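Peer 1: Pasting a structure below so you can have a look.
The values are calculated or read from the model by the stated rules, or taken from the named source; none is laboratory data. Keep in mind that what you see is a predicted model, and the values were worked out from it rather than measured. Counting neighbours? That spans all protein chains shown, and the Cβs are built from the backbone with ideal geometry, glycine included. These accessible areas exclude ligands, DNA and RNA; they are computed on the full protein's heavy atoms, side chains included. Shrake-Rupley method; radii C 1.70, N 1.55, O 1.52, S 1.80 Å.
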Amino acid sequence: MAKSNHSKKTRNSEGFEAELQDRVNQAIGKIAGKSNIIESAITYALENPGKRVRPLLVYLTADAIGLDLKKVDSLAVASEVIHTYSLVHDDLPCMDDDDLRRGQPTLHKKFSEAHAVLAGDAMQSLAMEIITNDKNISADQKVRIISFLAKTIGYEGMILGQAYDIEFEEKYVSKHEIIEMNQLKTGMLLEFCIRAPLLLIKSEDDNWKKLANSIGISFQLVDDLLDLQASQESLGKATRKDMELDKKNYPLTFGIDETQIEIKTYERIAIDSLTNLGLNNHPICNYVSELFRRQF
Ligand code: GRG
């Protein structure tokens, strides 16, 4: 494995995370303009900051494998643009019909439903454009990354997961079906964030795949638990919405205790994978542990 860029002497995990948050926020600031109504809508959605989990996973993975962070700036921003598009569309009246996102009115409430559909569509092509225009990676690397991203968010990936989310409202579902839905609708993009930097160095170690998969699936399990247990103020979005819409998430269907056991299992897999990769002392390990224990 390539030597990590991280030096324990000069940076602690929290400091490094804050540095990465600044890095992605500055990069997002550069792409966000207000020259027309759609660009203004995109800027509204992107500048209202979430946790920036996906870009941080991109950067932490890159650092862990010894890649210059410049090589993954476009990947980090593109991942947040795609994630934000999925939230904008997920909030639409034809989906979850939410009024609040990241503590602010959802895009269709602030602008209009039509503008939210169009801004979401434009964010998908914007993400591809950001990677295409990157001067720090080769044409071959761009093709590999864009092809992986397209597969991740397409009809066999994130969109299919969202379709299952709707279909499952009407039927009995098994644990396996809920886990598969979580993996597709939420997990695949998170997996992409960990596995795409590896594509740049053509490295595929099974431990990275296991890490990416366990974070991907469990992220939605933690999100569903928080939806039941946390307040609207702490999450910045409406809570208990799944119950209202008769959605089939894991804790609602199989209970809180079962969900906590499931999360613990994925956490073990994630930490074991990081240990096998020799990354116990790298900031990615601290960040991944925090993801499993987050309160918002
Ligand atoms: C095409 C009309 C149409 C809709 C597609 C793609 C899609 C809608 C939905 C994907 C499902 C989705 C929104 C998954 C993400 C679930 C999730 C856990 C969101 C919260 O992520 P956080 O906690 O949020 O990282 P912040 O706000 O911190 O970025």
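Peer 1: Looking at (1) part of a loop (DSSP other than H, G, I, E, B); (2) within 16 Å of residue 147 (Cα to Cα); (3) among the hydrophobic types (A, V, I, L, M, F, W, C), which one does residue 95 not meet, given that it meets all the others?
Peer 2: It is condition (2) that residue 95 fails.
Peer 1: Right, residue 210: within 21 Å of the chain's Cα centre (by Cα), without any contact (Cβ under 8 Å) to a residue 12 or more places away in the chain and away from the ligand (no atom under 16 Å from the Cβ) or not?
Peer 2: Working: within 21 Å of the chain's Cα centre (by Cα): yes; without any contact (Cβ under 8 Å) to a residue 12 or more places away in the chain: no; away from the ligand (no atom under 16 Å from the Cβ): yes.
So residue 210 does not fit the description; no.
Peer 1: Right, next: What's the number of the only condition in (1) surrounded by 20 or more Cβ atoms within 10 Å (Cβ to Cβ); (2) within 21 Å of the chain's Cα centre (by Cα) that residue 279 fails to meet?
Peer 2: So residue 279 meets the others, but not (2).
Peer 1: In addition: Give the number of residues within the stretch 44-87 that are assigned to a helix (DSSP H, G or I) and more than 16 Å from the ligand (Cβ to nearest atom). Show your work before the answer.
Peer 2: Going through the stretch 44-87, the residues assigned to a helix (DSSP H, G or I) turn out to be 44-47, 53-64, 69-87.
Subset that is more than 16 Å from the ligand (Cβ to nearest atom): 61-64, 69-75.
Matching residues across the stretch 44-87 total 11.
Peer 1: Look through the stretch 88-100, keep the residues that are among the charged types (D, E, K, R) and open to solvent by less than 40 Å² (accessible area, probe 1.4 Å), and return whichever of them is nearest to the ligand (Cβ to nearest atom). Outline the logic, then answer.
Peer 2: Start the filter on the stretch 88-100 by keeping residues that are among the charged types (D, E, K, R), which leaves 90-91, 96-99.
Now drop any that are not open to solvent by less than 40 Å² (accessible area, probe 1.4 Å), which leaves 90-91, 96, 98.
Values: 90: 4, 91: 8, 96: 8, 98: 10 Å.
The residue in question is 90.
Peer 1: Only one residue in 234, 218 is within 14 Å of the ligand (Cβ to nearest atom) and touching an Asp or Glu at 6+ places or on another chain (Cβ under 8 Å), so which one is that?
Peer 2: Just a single option satisfies the conditions, and that option is 218.
Peer 1: Considering only the stretch 268-285, I want to know if a residue exists there that is in contact with a helix residue (DSSP H, G or I) (Cβ under 6 Å, 6 or more places away or on another chain) and among the small types (Gly, Ala, Ser).
Peer 2: Yes, because at least one residue in the stretch 268-285 is in contact with a helix residue (DSSP H, G or I) (Cβ under 6 Å, 6 or more places away or on another chain) and among the small types (Gly, Ala, Ser).
Peer 1: Return yes when residue 261 is at pLDDT 90 or above, surrounded by fewer than 18 Cβ atoms within 10 Å (Cβ to Cβ) and of a type outside the set (S, T, N, Q) and no when it is not.
Peer 2: Working: at pLDDT 90 or above: yes; surrounded by fewer than 18 Cβ atoms within 10 Å (Cβ to Cβ): yes; of a type outside the set (S, T, N, Q): yes.
It is true that residue 261 is at pLDDT 90 or above, surrounded by fewer than 18 Cβ atoms within 10 Å (Cβ to Cβ) and of a type outside the set (S, T, N, Q).
Peer 1: If I go through the stretch 131-171 residue by residue, how many of them are more than 16 Å from the ligand (Cβ to nearest atom) and farther than 20 Å from residue 96 by Cα?
Peer 2: First, pick out the residues of the stretch 131-171 that are more than 16 Å from the ligand (Cβ to nearest atom): 131-148, 170-171.
Now restrict to residues that are farther than 20 Å from residue 96 by Cα: 131-148.
The qualifying residues number 18.
Peer 1: Among the residues of the stretch 144-159, write down those that are in contact with a Lys or Arg (Cβ under 7 Å, 6 or more places away or on another chain) and either open to solvent by 60 Å² or more (accessible area, probe 1.4 Å) or assigned to a helix (DSSP H, G or I) (or both). Please lay out each step first, then the result.
Peer 2: Narrowing the stretch 144-159 to residues in contact with a Lys or Arg (Cβ under 7 Å, 6 or more places away or on another chain): 157-158.
Scanning the stretch 144-159 gives a single hit, 158.
Peer 1: Another question, if that's okay. Test each condition in (1) within 13 Å of the ligand (Cβ to nearest atom); (2) part of a helix (DSSP H, G or I) for residue 195 and report the one that comes out false.
Peer 2: Condition not satisfied by residue 195: (1).
Peer 1: Related question: Quick test of your reading of the structure: residue 134 fulfils all but one of (1) open to solvent by 50 Å² or more (accessible area, probe 1.4 Å); (2) assigned to a loop (DSSP other than H, G, I, E, B). Name the failing condition by number.
Peer 2: All conditions pass for residue 134, except number (1).
Okay, residues lined up against (1) modelled with pLDDT under 95; (2) crowded, with 17+ Cβ neighbours inside 10 Å; (3) under 18 Å from the mean Cα position of the chain (by Cα); (4) more than 30 Å from residue 233 (Cβ to Cβ):
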{"site": "76", "(1), (2), (3), (4)": "no, yes, yes, no"}
{"site": "83", "(1), (2), (3), (4)": "no, yes, yes, no"}
{"site": "86", "(1), (2), (3), (4)": "no, yes, yes, no"}
{"site": "113", "(1), (2), (3), (4)": "no, no, no, no"}
{"site": "117", "(1), (2), (3), (4)": "no, no, no, no"}
{"site": "120", "(1), (2), (3), (4)": "no, yes, yes, no"}
{"site": "127", "(1), (2), (3), (4)": "no, yes, yes, yes"}
{"site": "142", "(1), (2), (3), (4)": "no, no, no, yes"}
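Peer 1: Then there is this: Checking residue 173 against (1) in contact with a Ser or Thr (Cβ under 8 Å, 6 or more places away or on another chain); (2) closer than 18 Å to residue 279 by Cβ; (3) open to solvent by less than 20 Å² (accessible area, probe 1.4 Å), which single condition isn't satisfied?
Peer 2: Condition (2) is where residue 173 drops out.
Peer 1: On to the next question. Of 284, 271, which residue is more than 16 Å from the ligand (Cβ to nearest atom), touching a Leu at 6+ places or on another chain (Cβ under 6 Å) and of a type in the set (Val, Ile, Thr)?
Peer 2: When all the criteria are applied, what remains is 284.
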